[in-house]
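Scroll down for the structure; my scribbles are underneath it.
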Amino acid sequence: MASKFGLAGGIPERRVRPIWDAVDSRQYKAALKLSVALLQKYPKSPYALALKAVVLERMGKGEEALSSCLEAKELLHSDTGPFLDDLTLSTLQIVLQRLDRLDLATSCYEHACNKYINNLEIMMGLFNCYVREYSYVKQQQTAIKMYKAVGEERFLMWAVCSIQLKVNYSSGGEKLLPLAEALIKKHISKSSLHEPEALTMYISILEQQKKFDVAFEVISGDLGSLILREEDKLRMKVFLLPLIVFHFSFIFSPFCLGRPDDWETFLQYLSLLLEEDIDWSRHATVGSCTECISSSKSKLSQEEFDIRLSSALSFVEELQKDAVKNCTRGPYLAAVEIERRRSLNGNCNNSKVVEALVNYFERFVYLHELNEEEKAELLDKISNKFAVYSKVHTLGRTVTVFRIQEICSSMWKKEIQDLETTTLKKMELFCLHLSKNLEQQESMLGEELLFMATNTLVLLFWRTKNLGYLLEAILVLEFGLHIRRHVNLLKVLLVHLYSFLEILPLACDWYLTLDVKNILLETISHHILPQMLISPHFNETSDLLKESLKRMTTRVILVILLAWHTAIATTLGYAIEFVAFHIKWKNSSQYLISKLDSFILDLKISANNLDELEKVLEGANYGLKPLELAQPDKIEKLTCNIDSQTRPWWSPRTTVNYLSMPFDEESASVCFGPKPCIHKTNENVGPDKTEFERKSLVPRIVYLSMQAASPTPKENKETTNGGGSSATIADELGSLLERYARSIGFSFNDAIDAILSITTGENSFKEFSDIVSCISFAIFVNAWNSSLNHTEKAGQKAISWKVVDKLITTCVREKLSSMGPALTSTGSEVLVLVQLVNESLSWHILIIQSFIKSVIPLGKKKKKSGPADKQNINIPLLKAMQASINCVSSAIGEVHKWVLDQVNSTEDHDVDILMSYLTTDGNSVGPGKILNVLKESLGVVEESEVGDRIYDMVKSWSPASVLRNIARAQHKVLTDFSQICDSKLRVLESLKQSF
């Protein structure tokens, strides 16, 4: 019912088109001028108001845009309102969706549907609104109304799809499945089905009710003709037959002949043949099915099992004959699987496994776990059987042998000299001239050698703690990426090595060059964000977080749109997948933790200005918004979308880095031993719920601590008690502190005891994995003690201002005494100091600032005798605060002095220090040999051999320039940290002047 006779929303289209053209060309000021003029001519037109709202929203004026939308909504709802058309409603919906007020858009469409009953366009718009809100029941009801109005099959399918969504993603929808089946059957009796997607939906409804035999009959009947490709129809039968009976494995034979590379289908064929009790439902994940196969046992006797397995092997050998002419891998991998099943059933013949592996390996590079002797035999056979045809083939097969050796030979047990020799061989085999004719974005031939050499060098560092090996690993990666900048695998290793060396500017630069699609951004942000969040680089971290959150939020909206568009295009199966995808992303721990990190980062950035910090807290509803993200039901629904398989072996998780630990063979076997087969989604790797809860508590605890320490806290019921509770500030703070203690691995009393044991010298900070959170807890408890209106807990009064001061002093001195030069620091030595100053000490300073601000109101002059109304102040508390300011100032001063000492070192001196780690006698064990190989290769490269592009890249690279970049980046880290220390010292100096 959109515009008729050249009218758009009741306005001539010639007056509307210039506004849309200006919006599309981003000329928003011109568009606003035109829309205001249009509104003056049509002051009672909802469409004119909607157009103005579109322009205002694009200009970032959300409140004004919402005001225009509300005005248009009132006009639409008035009794004398104008004629409602879909164009006006859809325009309002666009704006309201971007303003996150879909409820208003839905209200407009509901009013229009009640006013114009059975208007199809408006009902479709209403259905669209319910899709965006995930109102499954209302979706279904609206779709059925449309189906009854026009009888179209697509509206019936929308209703059925809504029922499936209700069943899958909310409670109490199972009883609706018979309704969906009855609706489809009734439609079939009237006019049959006409779309393949409709048949797929019907089969899905039957499967969910476990009516597999009925579903099989439907596909085998006349409706099966809707599936145009015979292979697709056969695949549907393949999924259904195992659920009906285990004696129809013959149905798989023609399918395997037609698709010999379909591994999942072959596994089903083998499981049916051997009568294994496995759930092969289409709803089971690949990962779960693979796990079932590994643990399943056949019900057949040994004799019958061998007969059937032999028949399967004969069938596979026939497939292998056909596979000689093409590049299919399935038949050869199938032979390995058959021999594996034979071994699992007790008839172990590993020589057959080796033979099958060699045949497969010759074509596809596959390895299965064998014992040490069988591994050696396999390597020997592979080496002897490989024929040499060209240098490219030689290089590829040499790389393959190296990979097998890494897995089979327990490389972490080798002598240091043997590991160095192996690394030298890999670098000497790296031939640039083989990549002469490749395009710039193509992978280098033999780039795996650089990857393997890097891993060996990192292992050498882990065993010897000699920094030179890490520097050589960086030089290898930098060299490879200088020649080919599009190798993500090498970039990820470089990001992690620079992060481990605390050279975050370079790590961040390389991370930003990763070629990753937007949809995968969330799965790889774990490579850099955890380190950047505790770094002194506020601007770069803020940009990373904002970009990450922007893309994640956009993706959530996009998935809703895709769900709707796939529904109206009748691809309803995809609509259901998109809904599932959206629910997973909405509960993504990375997405929600990024929101929490954004709150905390804003607190740290504004910590030096109390007024700005109060605005930040107000924007977070005084810490209640972060708390809402960590409600128990939401924590339980958290999903983890981290692609952990892209992480290097030495850091399998964000909280683990083996290079920071002493070397031991048990850990090495975990890093280099055979890895379990994990599905790509890594659903087995759960989110860190304790870290999530701890971060959600920080903003609220900071706010309540500031209020608790103040003698005149703000009286604001909503913001002080968490949304209407009658609890006092102190009671709520006490409850949150108990949760905070649990999130760092203690009960409340145990956390108190641990803190006191440090101040008395019984324990050291080295025994605590999270020093900063421990000190923050002590600071928050001390602020809590400053409030007099709470029930005292056992031991809480033991945490006093003096204890906090002692804790801060002890921590800083311990860290500084154990610190070496910042240039050669590894792990998180410098970053722990940065985090201590940016978080724990910042919270402590804010608590003192809040106290002083409440004692000395703004605009009043300070009296010579001290703070205003001093007679009403707790004098011991005032003296304790003065002592604490001096203590914190002294602690930060010591840190600042250490940082300045490091900054004052010249760049050339830093480069010389780094180069000294790479200088070694050619005959002795130690780093430096790889650097010599690189230098030699740079000297003998000829332009005629490698081509002009690679030649120019090689000649423009030097190891010294890489080391110089490292020194400069380290200088930036220290400079940014020095500026933070300096700003804190200025704040503390101003606080001293307040007394």
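Each peptide in 501-514, 696-709, 899-912 was scored by the mean count of other Cβ atoms within 10 Å over its residues; highest first, the order is 696-709, 501-514, 899-912.
Proximity of backbone amide H atoms, modeled 1.01 Å from N, is registered between Thr639 and Ser588, Ser589 at under 5 Å, excluding neighbours fewer than 5 places apart on the same chain. Computed 3J(HN,Hα) for region 950-956, one whole-Hz value per residue from the Karplus formula 6.51 cos²θ - 1.76 cosθ + 1.60 where θ = phi - 60°, is 5, 4, 5, 5, 5, 5, 8, glycine and proline marked x.
Less than 5 angstrom separates the built amide H of Asn657 from none of the residues sequence-distant by 5 or more or on a different chain.
Sequentially through region 202-207, phi angles give Karplus couplings (6.51, -1.76, 1.60; θ = phi - 60°) of 4, 5, 4, 4, 5, 4 Hz, Gly and Pro residues having no value and appearing as x.
Just add up the charged neighbours of Pro959: K/R +1, D/E -1, any other residue whose Cβ is under 10 Å from the Cβ of Pro959. Within the 10 Å Cβ shell, the charges total 0. On a per residue basis, the convex hull of the C-alpha atoms belonging to region 1-130 measures out at 96 Å³. For the listed peptides 735-745, 819-829, a ranking on the average number of other beta carbons within 10 Å per residue, highest first, reads 735-745, 819-829. With Rh defined as the Kirkwood radius, the inverse of the mean 1/r over Cα pairs, the Rg/Rh of region 108-200 is 0.97. Phi angles of region 804-817 translate, via the Karplus equation with coefficients 6.51, -1.76, 1.60 and θ = phi - 60°, into HN-Hα couplings of 4, 4, 4, 5, 5, 4, 4, 4, 4, 5, 4, 5, 5, 5 Hz per residue; Gly and Pro are given as x. With 32 Å as the limit on Cα-Cα distance, the pairs of Lys175/Lys637; Lys211/Lys352; Lys44/Lys148; Lys625/Lys972; Lys413/Lys491; Lys491/Lys604 that go past it are Lys211/Lys352; Lys44/Lys148; Lys625/Lys972. Specify, per residue and in Å³, the volume enclosed by the convex hull of the alpha carbon atoms belonging to region 819-859. Considering the Cα atoms of region 819-859, their hull volume per residue is 77 Å³. Each peptide among 612-620, 662-670 gets the average number of other Cβ atoms lying within 10 Å of its residues, and from highest to lowest they stand as 612-620, 662-670.
Return the FRET efficiency for the residue pair Gln631, Ser343: r is the Cβ-Cβ distance, R0 is 56 Å, and the value is rounded to the nearest 0.05. Once rounded, the FRET efficiency stands at 0.65.
A short reminder: the numbers here are calculations on the coordinates, not readings from a lab. Just so you know, these numbers come straight off a predicted model, no measurement behind them. Cβ: placed from backbone, ideal geometry, glycine included. Neighbour counts: every protein chain shown.
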